[in-house]
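All remarks here apply to the structure that follows.
The values are calculated or read from the model by the stated rules, or taken from the named source; none is laboratory data. Note that the structure is a prediction, hence the values are computed from the model and not measured. Please note: Cβ atoms are built from the backbone with ideal geometry, for glycine as well, and neighbour counts cover all protein chains shown. Heads up: the accessible areas ignore ligands, DNA and RNA and are worked out on the full protein's heavy atoms, side chains in. Shrake-Rupley method; radii C 1.70, N 1.55, O 1.52, S 1.80 Å.
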Amino acid sequence: MPLPHAHVLEAESHHSGVGRLGLIGHPIAHSRSPALQQAAFDALGLPARYELWDTPGETALAGRVAALRQPDMLGANVTIPWKENVAPLLDDLDDSARRIAGAVNTITREETAQCIRLTGHNTDAPALDRTLDELGAWSDARRVLILGAGGAAQAALGVAHMRGVEPWLVVRRVKAGREALAKLATRLPVPEHWRDYVIALDDRSTLAAALGESQMLINATPVGVGDPGASPLPLDLLATLPSGAAVLDLIYAPPETALVRAARARRLRAEGGLPMLLYQGALAFTLWTGQPAPLDVMRRALAIE
Ligand code: NAP
């Protein structure tokens, strides 16, 4: 059976130019997705151009999504602030978006004789899962402590649920944490008691006790972005993690945050956000093209050592 998303050559048969993809979000000028994706398309000799589609409002969002139905379009990525709002504008949602992450970061475009279908996927969740897998974090994991309660935390919660690992959600506003767990329960069969798994960031003794029973720590806050000295939690608390614990900071700039550096200094397995960024892009590339992503090329484009 032909892959429904093997569009690159298909699209070329409908128009003579280069196929177009892009990133929908705002602000997006700093995004690494164009470098990451263009390198992959060029390496495979696929005639496509990846663009930045700055999309500042809801009306512009509707226009961008409608434009994806044009014949030269191959698909899109979606980022802040549209990962949730874009869902109702699409024809279908993959389980990764509907159930696991509760948000869309990739749109595929499928053209048949009858219609054009736009489907929303989420590649952040499987990329997060793979990064934790490569850290050896899932083996014997029973508990993951997640810092933050936004979109990335939702993906982490969905993956934890899929893996049968219970969360602690550590937040500066307990109400936001409770809302995040309630939101998770709208798309996955979450046990009732998960709703109590929220800890205030400033409740140091409870946080220390929770870290003591966590095999994984994930930073899903932006604390540390562009600041190699900033940490989302007091770094001395890393001493309370079990010795075999794994630490994942979703921040990729800088590649090694204060949290990752401190965890490695304590001989904990630790990783920054670059592998997840790479894998989410690679998975999107495969969804659009039906081809394996050239990981080495993409890794170089992100300048991963
Ligand atoms: P988001 O939806 O805005 O959520 C951010 C969360 O962090 C919120 O819960 C927010 O709490 C909390 N927060 C913000 N500032 C804080 C502070 N000073 N102290 C404590 N908590 C704070 O953002 P997101 O989409 O989840 O992204 C979070 C981070 O993950 C970003 O840095 C993003 O770049 C990164 N990320 C990386 C990848 C990757 O591929 N590596 C993928 C996705 C996301 P409030 O509600 O109280 O503000």
Grab the DSSP H runs of the chain that are 4 residues or longer, score each as -39,500 (n - 2.57), total them, divide by all residues and round the 222 nm result to the nearest 500 deg cm²/dmol.
-10500 deg cm²/dmol
Please compute the modelled spin-label separation between H30 and A185, points set 7 Å along Cα→Cβ, answer in nm with one decimal.
3.5 nm
Length gained, L295-E256, 0.36 nm per residue minus C-alpha separation, equals 12.0 nm
At a 1.4 Å probe radius, which order do H193, H30, H161 fall into by accessible area, largest first?
H30, H193, H161
Keeping the other protein chains in place, figure out the carbon and sulfur percent of the accessible area of segment 212-262, with a 1.4 Å probe.
63 percent
From the protein chains alone at 1.4 Å, what is the descending order of accessible area for K175, K83, K183, largest first?
K175, K183, K83
Report, by chain and number, residues whose modeled amide H sits under 5 Å from the one on A270, excluding near sequence neighbours (fewer than 5 apart, same chain).
V247
Stretched out fully, how many nm does the piece from D236 to D54 gain, at 0.36 nm a residue minus the Cα gap?
61.5 nm
Restricting to segment 92-162, compute how many DSSP beta bridges are antiparallel as a %, nearest 5.
75 percent
List the relative contact order of the chain as a percent without decimals, with contacts defined as Cα pairs under 8 Å and 6+ residues apart.
18 percent
With every protein chain present, what is the per residue accessible area of the chain (1.4 Å probe, Å²)?
44 Å²
Please list D54, D296 from largest to smallest accessible area, probe radius 1.4 Å, with all protein chains kept in place.
D296, D54
Between T206 and A303, what is the spin-label point distance in nm, taking each point 7 Å from the Cα along the Cα→C-beta axis?
4.2 nm
Residues of segment 136-153 with the amide nitrogen closer than 17 Å to a label point 7 Å from the Cα of E213, along Cα-to-Cβ, please.
141-146
For a quick check of your reading of the filter: which trypsin sites (Lys or Arg not before Pro) in segment 196-286 sit in a DSSP loop and have no more than 12 other Cβ atoms within 10 Å?
R267
